[in-house]
Amino acid sequence: MTLPRVPDNYYLDYFVRLIDLVKLRYGDLLCAADRQFLQAIEQTDPVAVRLLIRLYLRKGPCFVSAKLRYHEVPDCAAAAAALVAQGLIEADPAVYAWQLIDLLPIAQSRQLFSPDDPRCRKTDLITRWLADETLQPCSAWGLSETIIQPTGADSYRRLQLLYFGNERQTLTEFVLEDLGLFQYESYSLERSNRLFQDADDITTTLALSDLADDFYRICDAKDWSALADLAAQVLALVPSERLARRWYRLLNRIGYRLEQAGDLDLAETCFSTNAQPPARERLARIAFKRGQYQDCLGQLQAIGSGPICAEESAFYRRFINRVLGKLGQAKRTFPVPPLRVTRAHWVRGPGSVEEQACEQLGDAVWLENALPLGVFGLLYWPVIFADVPGVWQHPFQSAPTDLYDEDFCAQRQTWLAPLATHTRAQWRNSLIEGWQTKYGLANPFVHWSVLSLEVLLACFDALTQAQWLGLSEHLFTDLRRHRAGFPDLFQYHGDNYCFIEIKGPGDKLQDNQINWLTQFARLGIHAQVCYVRYDAQPTL
């Protein structure tokens, strides 16, 4: 995406906003290095700080001073000198040879590090020098140009983490909002709502992030021999309750790779730390691989009696009979979903099978998940954006951080209970009001660009309030996985309606689609599966 030119203080103003909110919410948790960093920022010429922020937003960590060009910094050399004076930039930093090779143009790197091989590729040159442990100033490597490196990167990283609550988002979020590309709901960002409660939380989060990066590097390099050491480092962490899910997620990913690599003992250790899906499924599979079928059955029975998510339920149905067969026990049968099936045929035309179905069937719109989720997102807007402590970290969230946690509803009974007592007319009015007052604001369930109020109301009016309650209750049981699988089409004409799942030649129903069609049948909602075949093209 190409962003238009912004005012000179654009990034600086937003950086100040970031700093102000962090000091308000986390002033008591800032370490000495962070406070020193902020003091140096305050004492530095704002024009120079503009340059510093630009460098933080780039890859780095080193830069060729003479190549820096920013419209909001008229004299980059003078700005860099001011930053050096405040200790915010280091001139002529100590680097390894491979770092310099990566930074410089290949021709210049060849002159310095491979004068006898003028055709050497950069990747080969980096590989050749990667094992060299010499760490010395850039000038000592024979470079005459000035190289600079920001010194407060660790503090800047912590400040961004404290502001956003994650390391995925950066100052670019401010720009996207200001340009109108994204708009967000307003919610409380008071100190009492903060995510991190002590300095250990911050340290643990950064450690988890670094270890996750190591994990992805290991996966990219397929260096499975390094997994055991990584697992030991992650297992040694002791996260707080608020950070436990992040810890579990990383352990489960490591455990899965260990299981694939054949290290079942260490994989089991990783999965045994938690019950966050797919941990229980993987423990059952490990027991099966070991031939411990009775243990596997015990795992499956626990899953079957209390599945945490839709995927666990589907795994139980798929796997239970394999285990029972190994134990010589009678296999179980599961009721066939009461699906209404129709068949249609037509000459294949342009576009997808869903687009052709809309044209052939008439009075139908192809919105699949977006339509029922849009109704849900507007009706339950107050629940989604409820003022729950610890889930709102910054002004750029389209959803609370606990949206997919198991206790999402339990934390919001104060907002859920009144909605269940509202009349159908009140629900309809809130749907209209939500569309009119919230239009364009980011919501994880409302995709404004593909919806219209007319279609939303037609969908809402087609179902009874009890049916909408039933759909919502099922959606709440697993928001992450149940948000997909709704039928493709909504066909409506007057008082008649039908949700239709279209299946082209060779296409089969997926588990999540069967799940929702089963729920529709349970609630008495008109739905069907339409299998389409194409007629032969007429010949001349």
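Laboratory data are not the source of any read-out in this text; all were calculated from the coordinates shown. Just so we're clear, the structure is a prediction, and the values are computed from it rather than from any experiment. All Cβ positions, even for glycine, are placed from backbone atoms using ideal geometry, and neighbour counts span all protein chains on display.
Observations, loosely collected:
- Cα-Cα over 28 Å, subset of Lys222/Lys289; Lys59/Lys122; Lys59/Lys222; Lys222/Lys508; Lys331/Lys508; Lys67/Lys122: Lys222/Lys508
- Placing a label point 7 Å from the Cα of Gln510 along the Cα-to-Cβ direction, the residues of the stretch 391-419 whose backbone N falls under 20 Å from that point are 404.
- Length gained on full extension, Leu419 to Arg157, computed as 0.36 nm times the residue gap minus the Cα-Cα distance: 90.2 nm.
- Start at zero, step by 5 Å, and the Cα-Cα distances of the stretch 163-232 spread as 3, 12, 15, 16, 14, 15, 12, 7, 6, 1 percent across the bins.
- Listed candidates (1) 1.03; (2) 1.13; (3) 0.97 - label of the one calculated as Rg/Rh (Cα atoms, Kirkwood Rh): (1)
- Toward the positive end of the charge dipole of the chain, with +1 on the Cβ of Lys and Arg and -1 on the Cβ of Asp and Glu, the farthest Cα among Cys296, Phe182, Asn166 is that of Cys296.
- Contour minus Cα-Cα distance for Asp407 and Ala330 (0.36 nm per residue): 24.1 nm
- Spatially, the stretch 501-540 and the stretch 420-472 are offset by 25 Å when compared through their Cα centroids.
- Pairwise centroid distance, computed over Cα atoms, of the stretch 344-374 with the stretch 38-59, Å: 53
- Label-to-label distance, Gln183 versus Asp229, with points set 7 angstrom from Cα along the beta-carbon direction: 5.2 nm.
- Selection from Gly377, Val529, Val84, by position along the positive dipole direction of the chain (Cβ): Val529
- Tyr70 versus Leu135: modelled label distance in nm, points set 7 Å from Cα along the beta carbon direction: 2.7
- Charges were assigned to the Cβ only: +1 to each Lys and Arg, -1 to each Asp and Glu. The resulting dipole of the stretch 341-535 about its Cα centre is roughly 140 debye.
- The magnitude of the dipole of the stretch 199-326, with charges of +1 and -1 set on the Cβ of Lys/Arg and Asp/Glu and taken from the Cα centre, is near 720 debye.
- For the stretch 438-540, the square roots of the Cα gyration tensor eigenvalues, ordered a ≥ b ≥ c, give a/c of at least 1.5 with a/b greater than b/c, which places it in the prolate category.
- Spatial separation of Cα centroids for the stretch 130-147 and the stretch 273-326, in angstrom: 55
- Pairwise label distance in nanometres, Val450 with Tyr216, each label 7 Å out on the Cα-Cβ vector: 2.6
- The chain, dipole about Cα centre (Lys/Arg Cβ +1, Asp/Glu Cβ -1), debye to the nearest 20: 1620
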